[in-house]
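The values are calculated or read from the model by the stated rules, or taken from the named source; none is laboratory data. None of these values were measured; they are calculated from a predicted model. We place every Cβ from the backbone using ideal geometry, glycine too, and count neighbours over all the protein chains shown. Side chains are part of the model used for accessible areas, which takes the heavy atoms of the whole protein and leaves out ligands, DNA and RNA. Shrake-Rupley method; radii C 1.70, N 1.55, O 1.52, S 1.80 Å.
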Number of protein chains: 2
Amino acid sequence: MTGPSPSSTALLTDHYELTMVQAARQSGTAGRRSVFELFPRRLPQGRRYGVVAGVGRALDALEDFRFDAATLTSLEGVVDAGMLDWLGSYRFSGDVWGYAEGEAYFPHSPLLVVEGTFAEAVLLETVLLSIYNHDSAIASAASRMTLAAGERPCIEMGARRTHEEAAVAAARAAYVAGFEASSNLAARARYGVPSTGTAAHSFTLLHDAEADAFRAQVQTLGVGTTLLVDTYDVAEAVRLAVEVAGTGLGAVRLDSGDLGEVAREVRAQLDSLGATSTRVVVTSDLDEHAIAALAAAPVDAYGVGTQLVTGSGHPTCGFVYKLVAREGDGGEMVSVAKKSHDKTSVGGRKYALRRRDARGTARAEVVGIGAAPADDATPEGSSDRALLVPLVRDGEVVGRATLEEARARHRASIAELPRAVTMMSAGEPAIPTVFV
Amino acid sequence: MTGPSPSSTALLTDHYELTMVQAARQSGTAGRRSVFELFPRRLPQGRRYGVVAGVGRALDALEDFRFDAATLTSLEGVVDAGMLDWLGSYRFSGDVWGYAEGEAYFPHSPLLVVEGTFAEAVLLETVLLSIYNHDSAIASAASRMTLAAGERPCIEMGARRTHEEAAVAAARAAYVAGFEASSNLAARARYGVPSTGTAAHSFTLLHDAEADAFRAQVQTLGVGTTLLVDTYDVAEAVRLAVEVAGTGLGAVRLDSGDLGEVAREVRAQLDSLGATSTRVVVTSDLDEHAIAALAAAPVDAYGVGTQLVTGSGHPTCGFVYKLVAREGDGGEMVSVAKKSHDKTSVGGRKYALRRRDARGTARAEVVGIGAAPADDATPEGSSDRALLVPLVRDGEVVGRATLEEARARHRASIAELPRAVTMMSAGEPAIPTVFV
C-alpha cells in the first residue's frame, strides 16, 4: 500500500470539516469547548420506533481516527501546512455519552452527546453520522422483521444487494436486532455473527441431474443440510430430497412462487413422506409485511436479503450532528441553534429518560436540557430509566459492549414498549417525545 | 491486526459459495467449465435507463480475492480441511467480459460474462454483485441528476447518510455519472475525485457573531470561498457576506427554505450589491426532480446528499449472477436455466449490441445467444456497437479504464440515447431489449 492506511478512518469525512477547523484556528475559536449532539428530527414515515446500532463500530472508528503520513500527504491542497501539522497530532481527548447499542429511539432522542473542543469534536461529524445512519437504518428494519417473525428465526442474506462493506455492517446490525445468523463470512470473522448457507440454484444446474446435486450436498454437508427445491419442479424435488437424505433431512428451501401456498403443499408432502421434522425455509424478497403475512403458513425460518440491507424502504435514518452549546467569550457555556425556518434545532445539552408506568411499560421519551432531574420528580407510580451511558472519557473508550449485550438490550428495550410496536401498519411513534 | 487482512476481499462473500464448491468437489463437478452472467431482470420502476458503475472496483476486488492464513483460520467450521487447502491456493484464472464503466444498460443487458471453472467463478458471485448493485444504483441516480442539471455542476455530499465505505464508492460512482466533485476526502485520496467544501452551520454558531465567522473563513480560504448564509437571517447574512468578502465573493450557499424563491431573492440582492459574479449554491434534500424544478431559478450549482447515496428511491439494482452454461458429461457446453416460474432466466452465453439508426440514435439493446453476428446483419442504415469488452483474460486484468474514460463513456452513451431519457417522469425503458 502506498496510500493512506486502510485501517485509518480519518479520511472517511467531509472536506468542510477540515476547512472549518482551519478557519476556526484563524479566528481563535477552534479550542472553544463544544457540545455536539447526534439525533433524529423524526422517525421514517409511519415507523413506530427506531433501533440504535453502530455504537461499537463508531467507537472503533473513533479510536482509528488518526492522520498518518500518507493520509496527510493526500490532504495537501485541502488545508494549509499549519493545519496539516495540527492534524498529524490529532487525537480525540473529549467525552462521549450515548444510547446503548440495541436501544429503541424516538424523534429527538439524543443518541450521542460529544463534548470536546470544537476542532476535535467537529472532525468526527461525518464518520459518526455515516455509521449511525446506516447501521441504525438496518437495525430498525431488522427489528420489525424479527418482531413479525415471532419465535421463528430470521437469517440475513442481503450482502449481494448492498455495498460489500455495508453488507458486513448490515449483518452485524441485523444480529443486534434479533436475527439469528447471516450469510456473510466477513461478519462471522470480524464480529462473531453466526454464519450459515448451503447451496444456490447454480449448484443444481451444474449437475446433470437434480438427484446428483442433492446427493453431493448431503454427502459433504450431512443430512441436516438445507436442500433448495425450486430449481425445476418443487414436488419432484421434495420427493427426491427425502429419497436422497432420508426423513432426517434438515430443511428444504423455497425461493420463488407464492411462498405461503407452496409451503403448505411442501409441508404436507414432507409429512406424508415421514419427514415430519424437516423444516421449511423461505427466502424470496421478504420484508416485515411478507413475514407477517406468512405467520399462519407452515414456515420454520425466514431468509431476508434486499429489504433488510436497504432498510425496508428507509435506507438511512436522517440523523444529524448539531452544535448545541459552546464556550462563550467569558468561558461560560452558551446554548446555540440555527434559525433556518424548516430545520430548527433545540439548543443546549440534553439528557434523556424513558418514563415507564407502574407496570413497566414505556410511556414517554423524556428529553430535557441540562442535568437530569432526581428520580422522585417522576409522576406517581412511574419510573425513569436513564438512556445516556458513558462511551468515551478523556478520549478513552469506556463504554464498549459485546454484541450479545446489544442483543439483550434490544430485546429488553422492545419488550418495554407499548404493544402497538408489533403492528406493522404505519402509525405514530409508539411513545411521544416530551421536552421538559 | 490479528484478523484477516483488510485488503483481502475473500470474505466479502456468502457462506454458501464455499459450501457449494466443497460439495461440487465431492461430486467431481467443481472443475466443469462454466459461464456465469451478471444482469438486471428489469429496470427500477419507471426508470428509462441505468448506468453501469463499479467495474474498476470489481476488478480491484477480483485481484484481491485471495485467502491468506488468517482468512483461512476464520473459515474453520465453515468448510472442511480439504476445502481450506484448495482455498489457500485460489486464484481466478478465467476470463471476464463486461460493459465498460459508464455505459447505459437496459433490462437483460449482460453486464458481466464470467467464464472459468464452476469453483472459481461461483466464488466471485457475492462480491461482484455487491459492487455492481451498489455502484450502479448510485450512478443511475446520479446520471438523472446531472441530466436534470444540464450545464450546472452537481456536487456529491451524501457521505453522512450512508455507510462510511459505501460513501466512498458513491462519490466515485457519482463522478462517473457526471458529478463535478464530492465532499468525500477518501474518494479524493483513493480515486482522485475532486473534493470540495467550506463550512457548516456549526461554524457560524461557534462564533459570537456571524460576521466573525465569515471574516475567519474569508481570511483563511480566500474571497473565492462559499459562505453559508441561512444560519440566522438570509438577507442580513448576504449583506454581511459581501461586506466582509467584497463583490469578488465566490458563492453563497442556501441549505433550507423554498430554494427557488430564496435563490431569486438572494440573486437580486447580490446583484444590487454589485456581487454579480457571486454564485448561488443550493443543497437541501435535492433529487433529480427538485433539480429539474429549479431549472428556471438563478442557481449556479447543486449539492446533493441523501438522495444520491440512496439511489433516489432505488438503493440497489437487483442484478443477479446466474449460471447460464456449463460443461456437460462429454465436455460439450450445455445451456442451463432454472425453471422457477416467477424468476425465469435465459440460458446460454450472451452477446450484446447497441443498435443505432442512421442518425446515430440508439434504437435497441440487442441481446443474443452465442457469437455476435457480422455487422452486415444489421437493418439497412443502422449500425451495431458491441457492448462487451474484455476485462480479464486468463486471470489477468486487461480492461482497466481510468475514471476520466468512464466519464467520457457515460457522456457518449447518454448522448446516443433517444431524447426521452431527459424526461424525469416515470416511463418505459428508453430503448427495448430485443432477444435474437
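Say a label goes 7 Å from Cα toward Cβ at B:M423 in every copy; what distances in nm does this one have to the rest, shortest first? Nearest to farthest, the other copies are at 4.0 nm. From its DSSP helices (H runs of at least four residues, each -39,500 (n - 2.57)), chain A gives a residue-normalised ellipticity at 222 nm of -10500 deg cm²/dmol.
R0 = 51 Å: FRET efficiency of B:R393 with A:E265, Cβ-based, nearest 0.05? Mind dumping the intermediate values first?
On the way: r = 48 Å, r/R0 = 0.93.
FRET efficiency, B:R393 to A:E265: 0.60.
Taking label points 7 Å from Cα along the Cα-to-Cβ direction, B:A297 and B:R419 give a separation of 2.7 nm.
Using Cα-Cα distances under 8 Å and only pairs 6 or more residues apart, what relative contact order does chain A have, in percent?
Numbers: 912 pairs, mean separation 97.1, N = 436.
Rounded, it is 22 percent for chain A.
Report the local net charge at B:A170: Lys and Arg +1, Asp and Glu -1, summed over other residues whose C-beta lies under 10 Å from its C-beta.
Details: positive: B:R161, B:R172; negative: B:D135, B:E156, B:E165.
So the surrounding residues net to -1.
Only one residue of A:L228, A:A186, A:A251 has its Cα farthest out toward the positive end of the dipole of the range A:182-322, where Lys and Arg carry +1 and Asp and Glu -1 on Cβ, and that residue is A:A186.
Only loop residues by DSSP count here, and only those with at most 12 other Cβ atoms within 10 Å; note down the chymotrypsin sites (Phe, Trp or Tyr not before Pro) in the range A:94-196 that meet that.
On the way: sites: A:W97, A:Y99, A:Y105, A:F118, A:Y132, A:Y175, A:F179, A:Y191; in loops: A:F179.
Counting only loop positions with at most 12 other Cβ atoms within 10 Å, none of the chymotrypsin sites (Phe, Trp or Tyr not before Pro) in the range A:94-196 qualifies.
In a shell of Cβ-Cβ distance under 14 Å around B:R188, excluding B:R188 itself, what net charge do Lys and Arg (+1) and Asp and Glu (-1) give? Taking every other residue near B:R188 into account, the sum is -3.
Across the copies of the chain, A:G28 has label points (7 Å from Cα along Cα→Cβ) spaced 8.5 nm apart, shortest distance listed first. Pairing chains B and A buries close to 7900 square angstrom of accessible surface in total, based on protein heavy atoms and a 1.4 angstrom probe.
Normalising by residue count, the range B:139-313 has a Cα convex hull of 107 Å³ per residue.
Per residue, how much accessible area does the range B:139-313 have with a 1.4 Å probe, in Å²? Before the final figure, lay out each step's value.
Values: 5160 Å² over 175 residues.
I get 29 Å² per residue for this part.
Relative contact order for the range A:183-296: 20 percent, from Cα pairs under 8 Å spaced at least 6 residues apart, divided by residue count. Cross-link partners of A:K339 among lysines, defined as those whose alpha carbon lies under 28 angstrom from its own and excluding same-chain residues fewer than eight positions apart: A:K322, A:K350. Amide H to amide H distances under 5 Å link A:L43 with no residue, where only residues 5 or more positions off or on other chains count and H is placed in the peptide plane. Taking every protein chain into account, the 1.4 Å probe leaves A:L323 with about 10 Å² of accessible area, to the nearest ten.
Taking Cβ atoms as reference points and 15 Å as the exclusive limit, the residues near A:V79 contribute a net charge of -3, counting Lys and Arg as +1 and Asp and Glu as -1.
Just the protein heavy atoms count here, and of the accessible area of the protein assembly as shown at 1.4 Å, carbon and sulfur take up 50 percent. Remark: label point of A:G150 defined 7 Å out from Cα along the Cα-Cβ vector; separations to the same position in other copies 5.8 nm, ascending.
Calculated from the alpha-carbon coordinates, the range B:75-206 shows an Rg and a Dmax of 19.5, 62 Å respectively. Accessible surface for B:Y16 stands near 40 Å², nearest 10, in the context of the full protein assembly shown (1.4 Å probe).
Among the residues of the range A:210-254, those with an accessible-area drop of 20 Å² or more from chain alone to full protein complex, heavy atoms and 1.4 Å probe, are A:A216, A:Q219, A:T220, A:L221, A:T231, A:Y232. Counting heavy atoms of the protein chains alone, A:L388 has an accessible area of about 40 Å² for a 1.4 Å probe. Between the C-alpha center of the range B:214-238 and that of the range B:5-64 there is a gap of 48 Å.
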